[in-house]
1. Using helices alone, I'd like the mean residue ellipticity at 222 nm for the chain: each DSSP H run of four-plus residues gives -39500 (n - 2.57), total over residue count, nearest 500.
2. Could you tally the net charge around Tyr65, taking each other residue with its Cβ under 11 Å from the Cβ of Tyr65, Lys/Arg +1 and Asp/Glu -1?
3. What span do the alpha-carbon atoms of the chain cover on each of the three principal axes, reported in whole Å from largest to smallest?
4. Test of the criteria: in the stretch 1-54, which trypsin sites (Lys or Arg not before Pro) are in a DSSP loop and have at most 12 other Cβ atoms within 10 angstrom of their Cβ?
5. Which of Ser68, Thr7, Gly56 sits farthest toward the positive end of the charge dipole of the stretch 1-78, with +1 on the Cβ of Lys and Arg and -1 on the Cβ of Asp and Glu?
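Just so it is clear, none of the values below were taken in a lab; they were calculated from the coordinates. No experiment lies behind these values; they were computed from the predicted model shown. FYI the Cβ positions are ideal-geometry reconstructions off the backbone, even for glycines, and counts take in every protein chain you see.
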Amino acid sequence: MKIVSATVARPIDACWRTFTDPSAMPRWVPGLREARTLESDRDGRAIEVDFEYAGGLTYALRYTYDPSACTVRWEPCNEDGKRGGVRGFARFEPTEDGTQFTYALEHDEGRKAAERALDDPNRLVEAFTRWMHEDRD
C-alpha cells in the first residue's frame, strides 16, 4: 500500500465534506468523467459509488466511514473477486496550518498499468490539495 500525505490550508470539515462527496470528485480527480452514487447509508453518505474515467475505465467502490477519526475507507464492490480493483483510505487530521491529508492506495494484481496511472496516489493528493487551495467555500 502506498501512502502519501500533504498539508491542506483549509479546515478539516471542508476537506472531509469535499472528499466524501462523489458529485464533487469529477471536478478534482484527474480523468474522472463521472462518479455516480449507487447506494447511500441512512446518514446520506455514499456507500457504493460507480466511477467512469475518460478512456472507458469503469469500476465501483464500497465505502465505510469513521467520522470520529475523519477516516474513509474503500474497497472494490465486485462480488466475484476476480477483477482487479483498488482499496485504501483517506484520513484528515487538524493541524495549526489547516488539515493533514493522508491518502493510501493499494492496487489489486489485476490492475493494468494504465489503470494504475489513473489512480496514482501522488497525482490524486496533488489534485485534491490544489483543488482545496483554490477559493472554496
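1. For the chain, the value works out to -6000 deg cm²/dmol.
2. -1
3. Sorted largest first, the three principal extents are 44, 34, 25 Å.
4. Passing both the DSSP loop test and the Cβ count: Arg42.
5. Thr7
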